[in-house]
1. Would you confirm whether or not region 304-316 contains a residue that is in a helix (DSSP H, G or I) and in contact with an Asp or Glu (Cβ under 7 Å, 6 or more places away or on another chain)?
2. So, Glu34, is that one among the acidic types (Asp, Glu), outside the structural domain of Gly318 (by TED's automatic domain parsing) and under 21 Å from the mean Cα position of the chain (by Cα) or not?
3. Got a sec? Which of Ala69, Ala103, Ala62 is surrounded by fewer than 24 Cβ atoms within 10 Å (Cβ to Cβ), assigned by TED's automatic domain parsing to the domain that holds Ala164 and more than 20 Å from Gly317 (Cβ to Cβ)?
4. Can you run down the residue pairs with Cβ atoms below 9 Å, 6 or more apart or on separate chains, where the first is in region 141-168 and closer than 15 Å to Arg39 by Cβ and the partner is among the charged types (D, E, K, R) and open to solvent by less than 10 Å² (accessible area, probe 1.4 Å)?
5. Could you tell me whether any residue of region 138-148 is under 30 Å from Tyr215 (Cα atoms) and open to solvent by 20 Å² or more (accessible area, probe 1.4 Å)?
6. Would you say Leu245 is assigned to a helix (DSSP H, G or I) and either within 16 Å of the ligand (Cβ to nearest atom) or out of contact with any helix residue (DSSP H, G or I) (no Cβ under 6 Å at 6 or more places or on another chain) (or both)?
7. Sort through Gly175, Gly165, Gly198, Gly188 and tell me the only one that's under 30 Å from Met90 (Cβ atoms) and either surrounded by fewer than 17 Cβ atoms within 10 Å (Cβ to Cβ) or hydroxyl-bearing (Ser, Thr, Tyr) (or both).
8. Since Glu99 meets every condition but one in (1) in contact with a strand residue (DSSP E or B) (Cβ under 8 Å, 6 or more places away or on another chain); (2) in a helix (DSSP H, G or I), which condition does it not meet?
Amino acid sequence: MRRAGAFILGTGRALPSRVLTNQDLERMVETSDEWITQRTGIKERRVVAEGESNSGLATAAARKALSKAGVSPEELDLIIVATLTPDYLMPSVAILVQEALGARRAGAFDLSATCSGFLYGLSVADKFVREDPSRKILVIGSEVLSNKTNWEDRTTCVLFGDGAGAAVVTGSPDGRRGVLSAHLRADGSLWHLLTLKGCGSLYPPGDPRLPREDYFIRMQGREVFKQAVRAMESVAFEALEANGLSPSDLTLLIPHQANIRIIEFLRERLELPAEKVFVNIHKYGNTSAASIPIALDEALEEGRLKEGDLVLMVSFGGGFTWAAVLLRW
Ligand code: UT7
């Protein structure tokens, strides 16, 4: 068995209070609660209201994680925020969180790996604490996708939601509990299937070469779906095999919450009973980098993990990026 690295001391989440239901969407685009529920598993999602922001959600989730961890902001060595919807391109969300928390000793940066961002971030933190186990690192996944959603496009606007999840990590206390291994994957050959083009440096705001739709998330859903199921299955088995484990050793699978049918496919491939798979997509939709840390926080609150349990977190997102982190709780 591998020596464990990053150990999670505490988690937290923050969701905007405004709820957008499938019935609300029925009044906005040509869709139905039945279609959305059957094709995605989503019943409602949260969206920011006036005055709420990515950095605000990230900070709120971080405060809860720090409080549960019993760690003060001054003790933090590093803040990593995984996001594809920062408040600004400069400064990063991580810097805004650092300032809001008063985490004066901490380095801070954003990490861009779409829906896999939190697992990529946890993997970076894992490397830092393997080097020095006394380090304390805040890893956050936070998104405001509603401002990057084309509310006239029914093929995407029903899918996404806003929110943030955070974890405070340090070195494993005993080499047994914590991250056993992290597996990061990417394939840029199909990047055009899932894009958000109109916010970078290639097309200045208002550039006539870029259609209005490209200032929002665009996705060829069916193709992305096919890639997601294949990639998530393969990286899940990769993580288990690297540790000499099989799916039946798992206490809990926490998959990225993009579509209940993708989650169900993965559950079947791993031959897991439903109670071993965490699902909250019906409440929040796809919150990209925030989905796994929000789910982890809820799973802990529900008492789904106890000391020594094995949890596998698996993600897939635009790029494409995908990842798995196997952790002994
Ligand atoms: O987090 C990043 C990773 N993202 C994902 O993993 C998402 C992967 N993709 C998906 O989850 C699914 O492909 C979607 C939920 C996006 C779409 O489901 P689908 O079963 O693949 O539907 P489809 O795109 O094949 O469309 C089927 C039909 C189409 O109508 P026609 O052409 O058969 O007449 C669509 O126009 O459903 C129609 N449709 C809708 N109907 C009602 C598409 N969106 C809607 C809608 N309401 N919101």
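The values are calculated or read from the model by the stated rules, or taken from the named source; none is laboratory data. On a predicted model such as this, the values are computed, not experimentally measured, just so you know. Note that we place each Cβ from the backbone using ideal geometry, even for glycine, and neighbour counts take in every protein chain shown. Heads up: the accessible areas ignore ligands, DNA and RNA and are worked out on the full protein's heavy atoms, side chains in. Shrake-Rupley method; radii C 1.70, N 1.55, O 1.52, S 1.80 Å.
1. no
2. When the stated conditions are applied, Glu34 does not pass them.
3. From the options Ala69, Ala103, Ala62, the qualifying one is Ala69.
4. Note: pairs meeting the criteria are Val158/Arg45; Leu159/Arg45; Phe160/Arg45; Phe160/Glu143.
5. yes
6. no
7. Gly188
8. Failed condition: (1).
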